[in-house]
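So the structure is just underneath, and the comments pick up after that.
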Amino acid sequence: MRSSSLPATETASTDTASIETASTDTFTERRKFLHGVSLVIRGEGIPVFLMHGIGGAASSCGALAQLLSAHGYQTFCWDAPGYGESAAPPEGLDHPALVLEILATLNVGPAHLIGTSWGGVIATRIAAQAPEAVRSIVLADSTRGSGITKTAAQRMLARVPELAAVGPEILAARRSARLVSPSAPAWVAEAVRADMAAVRLSGFSSAATMMAQCDTTDLLPRLRIPALVLVGQDDVITGVAESRVLAENIPGATLGIIAGAGHAAVQEKPMQMSAAILAFWEGIQ
């Protein structure tokens, strides 16, 4: 495992300016619906499939996707089933199988997978199940799943009745502040809160059920896909220690620690995330 710390050199204003500059270089953002799933597509080139966390949506990955598409990649940000504009998931949905079905329908060839938190668990399972469909995986502030202990699984499942009882606005008010670094600008914290406040019970319940049942510990050493593990230095949700476990157990994986970012590093530091990812991809081509 190779490890590096990535300094927090950019400010909120430079992040925004760079993203706006990048947007002028990308193709028009467009939305496509496949198998009941809403995809936000940007750019042209090698495909990149981005998967948000349990409290997010396609918009959570938007700034990162914009930056990557400006560098010659075609990015696909999904609203997972039951999130954003996607249809509600069927009972017992196999999320990794659905992603593979979407990629096959798109007919774009092997894709780079980027997954934040829960999305990283999906990416790990896809890489293990269908390595021929995957160019690389980037696991951002991710985990082996909540099935690693009975307590963690129960804690994950307990969020579903909490959401049902209080609604997404109150849930977001209770939880979203812990997703970002103490140094996060107010506008970033608000974007993270707004994404969580828009979650739907059907999608959240399906995601929580998958997470509670999932433990990828035994899959990690068998992965033969290039892997980059990124984590916010201030992540108190999954944490640096868990990302280190991922990187140490995936053969050849690299660990990058994002200074000045929490669990929502993909939204807090999209410039640093994109720089690390682009360097990683350049190194494996």
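Normalised per residue, the accessible area of region 134-229 is 46 Å², obtained with a 1.4 Å probe and no contribution from ligands, DNA or RNA. Summed over the residues of region 30-90 and divided among them, the accessible surface reaches 28 Å² per residue at a probe radius of 1.4 Å.
DSSP beta bridges fully contained in the chain are about 25 percent antiparallel. Per the Debye formula on identical point scatterers at the alpha carbon atoms of the chain, with no solvent, log10 I(q)/I(0) at q = 0.12 Å⁻¹ is -0.67. Computed from the C-beta positions of Ala130 and Val166, the FRET efficiency with R₀ = 30 Å rounds to 0.20. Could you look at the chain and say what percent of its accessible area is carbon and sulfur, using a 1.4 Å probe and all protein chains? Summing carbon and sulfur atoms, their accessible area is 54 percent of the total for the chain.
In region 209-285, the convex hull through the Cα atoms has an average projected area of 5.6 nm², a quarter of its surface area. What do you get for GluC sites (Glu not before Pro) in region 44-117 restricted to DSSP loop and a cutoff of at most 11 other Cβ within 10 Å of the site's Cβ? Answer by residue number: Glu91. Under the combined filter of DSSP loop state and at most 14 neighbouring Cβ atoms within 10 Å, region 212-285 retains these trypsin sites (Lys or Arg not before Pro): Arg224.
The values are calculated or read from the model by the stated rules, or taken from the named source; none is laboratory data. The shown structure was predicted, so the numbers you read here are calculated from the model rather than taken from an experiment. Cβ: placed from backbone, ideal geometry, glycine included. Neighbour counts: every protein chain shown. Note: accessible area is taken over every heavy atom of the protein model, side chains too, but ligands, DNA and RNA are not part of it. Shrake-Rupley method; radii C 1.70, N 1.55, O 1.52, S 1.80 Å.
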